[in-house]
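Novice: There's a structure below that I have some questions on.
The values are calculated or read from the model by the stated rules, or taken from the named source; none is laboratory data. All values reported here derive from a predicted model rather than from experimental measurement. All Cβ positions, even for glycine, are placed from backbone atoms using ideal geometry, and neighbour counts span all protein chains on display.
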Amino acid sequence: MAYIIPDGVIEFFGDLGLSPNYENSLYFASTVAKDTYFTNLTKIARVTAQSYTRTGRGVLKVQLPMSTMVRCGYLRFRNVSFENKWFYAFILGVDYVNNITTEVRFEIDVLTTWMGTFSLGQCFIERQHTIGDAIGANICDEGLDTGEYITEYRGSTGILSGNWAICIFTAQTPAGVSADGGLYCGVYSGCEMRIHPTTPQGVIDANNDLKEITENAGADSIACILMLPYSYAAAAIVAGGTSSPFTVDIPIPKPYSDVAGYVPKNKKLYTFPYKCLSVYNSEGNSVDYKYEYFNTLPDHESTGVCTFNMKTLISSNPLIALYPLNYKGQSVAYDEQIDMRHFTTCNYAIDTWKAYYAMNKSTIDYDKSIVPVLGGIGMAAGVLGAITSGMTGNIGGFVSGVNQAASSNAMIGRTLAKQQDYQRMPNVSKGVANNDLMTADQTKDFYFEMKCITKNYAMMIDDYFTMFGYAIKQVGVPNMNARPYFTYVKTIGCTVHGELPSDDGAKIEQIFDNGIRFWKNHANIGNYSLNNAPA
């Protein structure tokens, strides 16, 4: 066997921020780029004319003093006459041999050693920094605790609140004429709707309507009295033959400037569940909407505004609904609506005597006109019968005549007493009062509440995303170079291909499955304040 002159080279480096736990490593696009990077680094020591250095033994001796070697944390070596390849290794420890000799224990850095040689196959990517960070482009659930929501902004449509009316639905007009049925917002109603503003004069006019309807025998023709938005009720009368409900579009801007006053590095914090839009209907119900689902499909950049369409059905059974437009790919998302169904119903007083008189006017007037006549006739006949019977000695006839007179007087008394009873009866309250406080103070409306997590939670989650990227949960090829300064990737079932020992390949696969962060420069390792947004 021919003698080979020792020509091995070993280079020693200081602290590079690399360790055998493989939480952080360096990324290189090729073997040349890797070797050049380390060639240009400052070295603590360099020895040549070394005998063959074995990768598996993990121990070597160098003629360098202990005082020099205790400063070293990383090395690389090359057996020129053999592999002629640089092997990279972590220095695990150094031991004194003599004044000019130190024993070095090391472990091969398989990731850096074979960087540029191996390639990755498809596997399940659990987490990773993404090559893009447009708002709405990354919406995979993170499963993180978000704490309680706070309100960034709250406002209403401004269309319903402060503009209400007293609406009387009646089958008879105050003049006593039967109401004509018609279409109100596309729905037929056989009642006439009479509206009055909630002003002092409006209340007087509503009272007069009820009095006139009652005096014209229409007390039972009143279907209900509701409090409804004045402008829509008035429009329903003017356009009583319309074929569809009244509609209006309401645009809401997307609040993408900050999260509770904090400007995040990672734009996923502008999406659900870190931010959302809640719509309340003033009746105890609310629906949460996701900003990123308006105008754009999920997994795409969120643009535009959040637009809702409000449809109003004015009738004795009213309905006002709010529908999101261009939401989740639907032009009108009917299945995502929130509606308003509970409106204040009012009771009303009916004058019992006037209602009875209006319903029985003819009979009462006839009774009034006939009672004096009947009374006189009855009394005369009774007295005459009594006298005649007395003269003839017919005691029974005399008694009958007296009774007949008494009966006529009783009939007169009952008729007058019945009228007096009705006149003394209290007014009757009709309708069911169903009050609503927000209607009372004229604030009933749809309210839009922009909610987000607290600043503290936003900062915690933002830092987490900065260090560990986003949840991906898809099959693909892991990307070691997605961001300008560092890229994190964690896989399940990583597959390594390339010309390298199978043991080292298995170690690299396990490193990716454990999670690894690749840096472009060793001087930046651990510096998460860098602007690592996509270039």
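Novice: Go through the stretch 319-351 and give me each residue that's crowded, with 16+ Cβ neighbours inside 10 Å and closer than 27 Å to Ala217 by Cα.
Specialist: Thr344, Thr345, Cys346, Tyr348, Ile350, Asp351
Novice: Which count do you get for residues in the stretch 501-535 that are among the hydrophobic types (A, V, I, L, M, F, W, C) and in contact with a helix residue (DSSP H, G or I) (Cβ under 8 Å, 6 or more places away or on another chain)? Can you show your working first?
Specialist: From the stretch 501-535, those among the hydrophobic types (A, V, I, L, M, F, W, C) are 506, 508, 511-512, 516, 518-519, 523, 525, 530, 533, 535; that's our starting set.
If we keep only those that are in contact with a helix residue (DSSP H, G or I) (Cβ under 8 Å, 6 or more places away or on another chain) too, we end up with 508, 511, 516, 530.
Qualifying residue count for the region: 4.
Novice: Which condition from (1) at pLDDT 90 or above; (2) touching a Ser or Thr at 6+ places or on another chain (Cβ under 6 Å); (3) in a helix (DSSP H, G or I) is the one that Ile250 breaks?
Specialist: It is condition (3) that Ile250 fails.
Novice: Moving on. If you take the residues of the stretch 275-297 that are in a strand (DSSP E or B) and among the β-branched types (Val, Ile, Thr), which of them is nearest to Lys328 (Cα to Cα)? Break it down into steps so the answer makes sense when it comes.
Specialist: Our first condition is that a residue be in a strand (DSSP E or B); within the stretch 275-297, this holds for 275-280, 286-289, 294.
Restricting the remaining residues to those that are among the β-branched types (Val, Ile, Thr) gives 279, 287.
Working: Val279: 17, Val287: 15 Å.
The residue in question is Val287.
Novice: Just to confirm my filter: which strands (runs of 3 or more DSSP E) fall fully inside the stretch 445-535 and include at least 1 residues that are surrounded by fewer than 17 Cβ atoms within 10 Å (Cβ to Cβ) and of a type in the set (Lys, Arg)?
Specialist: Qualifying strands (runs of 3 or more DSSP E): 470-476.
Novice: Residue under question is Ala217, and the condition is that it be of a type in the set (A, V, I, L, M) and at pLDDT below 85; does it hold? It would help to see each step written out before you state the result.
Specialist: Values: of a type in the set (A, V, I, L, M): yes; at pLDDT below 85: yes.
It is true that Ala217 is of a type in the set (A, V, I, L, M) and at pLDDT below 85.
Novice: Give me the pairs: first residue in the stretch 485-507 and closer than 16 Å to Gln122 by Cβ, second residue in a helix (DSSP H, G or I), beta-carbon distance under 6 Å, and six or more apart or on different chains, which are they?
Specialist: Thr491/Phe512; Thr491/Asp513; Cys494/Glu509; Cys494/Phe512; Cys494/Asp513; Val496/Gly505; Val496/Ile508; Val496/Glu509
Novice: Can you list the strands (runs of 3 or more DSSP E) found entirely within the stretch 126-204 that contain at least 1 residues being among the acidic types (Asp, Glu), under 26 Å from the mean Cα position of the chain (by Cα) and under 30 Å from Gly261 (Cα atoms)? Working first, answer last.
Specialist: Values: elements: 149-156, 164-170, 182-184, 187-189, 192-197.
Strands (runs of 3 or more DSSP E) meeting the threshold: 149-156.
Novice: For the stretch 109-125, how many residues meet the condition of being aromatic (Phe, Trp, Tyr) and surrounded by fewer than 22 Cβ atoms within 10 Å (Cβ to Cβ)? Write out each step before concluding.
Specialist: In the first step, residues of the stretch 109-125 are kept if they are aromatic (Phe, Trp, Tyr); the result is 114, 118, 124.
The next check asks that each one be surrounded by fewer than 22 Cβ atoms within 10 Å (Cβ to Cβ); those that pass are 118, 124.
Looking only at that region, the number is 2.
Novice: So, in the stretch 53-88, of the ones that are over 60 Å from the mean Cα position of the chain (by Cα) and of a type in the set (Val, Ile, Thr), which residue ends up farthest from Asn99 (Cα to Cα)? Please lay out each step first, then the result.
Specialist: Taking the stretch 53-88 and keeping what is over 60 Å from the mean Cα position of the chain (by Cα), we get 53-54, 57, 59-69, 78-84.
Okay, now just the ones that are also of a type in the set (Val, Ile, Thr), so 53, 59, 62, 68, 80.
Values: Thr53: 22, Val59: 18, Val62: 11, Thr68: 11, Val80: 28 Å.
Among those that are over 60 Å from the mean Cα position of the chain (by Cα) and of a type in the set (Val, Ile, Thr), it is Val80.
Novice: Here is a further query. If you go through the stretch 245-264 one residue at a time, how many are buried (at least 18 other Cβ atoms within 10 Å of the Cβ), closer than 22 Å to Tyr464 by Cα and not hydrophobic (A, V, I, L, M, F, W, C)?
Specialist: Total meeting the criteria: 1.
Novice: Have a look at Ile222, Ile213 and point out the one that is in contact (Cβ under 8 Å) with a residue 40 or more places away in the chain, within 28 Å of Leu437 (Cβ to Cβ) and crowded, with 20+ Cβ neighbours inside 10 Å. Steps first, answer last, please.
Specialist: Numbers: Ile213 fails: within 28 Å of Leu437 (Cβ to Cβ).
Answer to the selection: Ile222.
Novice: Now a separate question. Anything in the stretch 67-86 that is outside any helix (DSSP H, G or I), touching a residue at least 24 places away in the same chain (Cβ under 8 Å) and within 16 Å of Thr48 (Cβ to Cβ)? List them, or say none.
Specialist: Within the stretch 67-86, Leu75, Arg76, Phe77, Arg78, Asn79, Val80, Ser81, Phe82, Trp86 qualify.
Novice: Okay, moving on. Output yes when any residue across the stretch 58-75 is exposed (fewer than 15 other Cβ atoms within 10 Å of the Cβ), touching a strand residue (DSSP E or B) at 6+ places or on another chain (Cβ under 6 Å) and closer than 10 Å to Ile10 by Cβ, and no when none is.
Specialist: No, the stretch 58-75 has no match at all.
Novice: Anything in the stretch 112-135 that is in contact with a Phe, Trp or Tyr (Cβ under 8 Å, 6 or more places away or on another chain) and over 23 Å from Ile472 (Cα atoms)? List them, or say none.
Specialist: Listed by number, the residues that qualify are Thr112, Thr113, Met115, Gly116.
Novice: Now for a separate question. Within the stretch 45-58, does at least one residue satisfy the condition of being in the same structural domain as Asp15 (by TED's automatic domain parsing), modelled with pLDDT of 95 or more and of a type in the set (D, E, K, R)?
Specialist: Looking through the stretch 45-58, at least one residue is in the same structural domain as Asp15 (by TED's automatic domain parsing), modelled with pLDDT of 95 or more and of a type in the set (D, E, K, R).
Novice: What are the pairs, 6+ residues apart or on separate chains, where a residue within the stretch 32-43 that is modelled with pLDDT of 95 or more has its Cβ under 8 Å from a residue that is of a type in the set (Gly, Ala, Ser)?
Specialist: Qualifying pairs under 8 Å: Val32/Gly116; Ala33/Gly116; Lys34/Gly116; Thr42/Gly14.
Novice: Separate question: Give the residue, chosen from Leu60, Leu18, that is closer than 17 Å to Thr112 by Cα, of a type in the set (A, V, I, L, M) and in contact (Cβ under 8 Å) with a residue 12 or more places away in the chain. So that I can check it myself, show each step before the final result.
Specialist: On the way: Leu60 fails: closer than 17 Å to Thr112 by Cα.
It is Leu18.
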